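A.B. asks: One structure, as structure tokens, below. Some questions next.
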Amino acid sequence: MPELPEVEAWVRELDPLVSAAPIEKAGPAHIATLKTVDPPLSALDGRHLAGARRRGKNLLFPTDDGELVLRVHLMSAGRLRYLAPGSKAPKTPMLRIRFVDGAELVLTEAGRRKRAGVWLVTPKRLDEDLAHLGPDALSLDADGLATILARERRRLHALLRDQRAIAGIGRAHANEILLRARLSPFKASTNLSSEEVRRLATAIREDLERALELRLRGKSDADVYLVHDRVGEPCPQCATPIARVDFEEHTVSYCPSCQTGGRTLKDRRLSKLLR
């Protein structure tokens, strides 16, 4: 799933492009993708977008009159592309926004499960819909993080992925951050020392800033991720083979030497099979 660095890179790329010309026609959109009906997408026809913004993993496209916001969440397989005038476009994208200069903004989604979402809402409704999001991960300092960690006892990997706690981080960057911080993904959030909290806050900022810089340069997952999905490869910090814990819908990658004192974490999916 695209996380904060990817989404922020797309926002910075799209910001000047989508505001270059008024919208000629908004839509069509796939019935599984469009999550709102009032106002209809056609309410965007003739309007001008004010650019691109981001809140957590959501891409936001407000109109320049301040009346509407187009919200897009890509989920795991969605991709949003700006096509210059004359570019070859997919025949049936999940969403198409055509501008008067011939350019298009298109949303595509691979696979059978159509989970990406598009909403057209008022700014007030947007604030209500996204009120559950925690503070943006790039805005967190050590004091703010300490407050979040102390609210309830949570495993660090799960807490970092929880958008209600911290907005923008998913499983991939949770893996990267915890390796950089040298903390176990299963360590309880309420058991961190002050030094570990500072280390984790620094790791969040450094990992996301590094990833954003690479994404802005067009780099792929292979360049961005040092531990995520690299099971069996040497840890970049100590050369110990990267290990993995499998869950039903996600995996946790970690270095046993750097993060768990040499201990191998229990594989939850295998444990269920052996019961």
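FYI, it's all coordinate maths here, none of it is from the lab. What you see is a predicted model; the values in this text were computed from it and never measured. Glycine gets a Cβ as well: all are built from the backbone with ideal geometry, and neighbour counts include every protein chain shown.
A.B. asks: Looking only at region 139-153, which residues are small (Gly, Ala, Ser) and over 13 Å from Ser194 (Cβ atoms)?
C.D. replies: Scanning region 139-153 gives Ser139, Gly144.
A.B. asks: Condition check: of a type in the set (A, V, I, L, M), buried (at least 23 other Cβ atoms within 10 Å of the Cβ) and touching a residue at least 24 places away in the same chain (Cβ under 8 Å). Does Leu200 satisfy that?
C.D. replies: Criteria met by Leu200.
A.B. asks: Between His30, His73, which is within 30 Å of His250 (Cα to Cα), free of Cβ contacts under 8 Å to residues at least 60 places away in the same chain and out of contact with any His (no Cβ under 6 Å at 6 or more places or on another chain)?
C.D. replies: His73
A.B. asks: Name the residue that is surrounded by the most Cβ atoms within 10 Å (Cβ to Cβ), counting only residues in region 28-50 that are over 19 Å from Asp65 (Cβ atoms) and small (Gly, Ala, Ser).
C.D. replies: Filtering first and then ranking leaves Ala29.
A.B. asks: Let me ask something else. Looking only at region 124-135, decide whether some residue is surrounded by 14 or more Cβ atoms within 10 Å (Cβ to Cβ), assigned to a loop (DSSP other than H, G, I, E, B) and among the acidic types (Asp, Glu).
C.D. replies: So far as region 124-135 goes, no, none of its residues is surrounded by 14 or more Cβ atoms within 10 Å (Cβ to Cβ), assigned to a loop (DSSP other than H, G, I, E, B) and among the acidic types (Asp, Glu).
A.B. asks: Also, I was wondering about something else. Please list, ordered by residue number, the strands (runs of 3 or more DSSP E) wholly in region 51-109 having 1 or more residues that are surrounded by fewer than 20 Cβ atoms within 10 Å (Cβ to Cβ), of a type in the set (S, T, N, Q) and touching a strand residue (DSSP E or B) at 6+ places or on another chain (Cβ under 8 Å). So that I can check it myself, show each step before the final result.
C.D. replies: On the way: elements: 53-55, 58-62, 69-73, 78-83, 95-99, 104-109.
The qualifying strands (runs of 3 or more DSSP E) are 104-109.
A.B. asks: Right, next: Could you tell me whether Arg115 is closer than 24 Å to Leu133 by Cα and either charged (D, E, K, R) or in a strand (DSSP E or B) (or both)?
C.D. replies: Working: closer than 24 Å to Leu133 by Cα: yes; either charged (D, E, K, R) or in a strand (DSSP E or B) (or both): yes.
For Arg115, the condition - closer than 24 Å to Leu133 by Cα and either charged (D, E, K, R) or in a strand (DSSP E or B) (or both) - is met.
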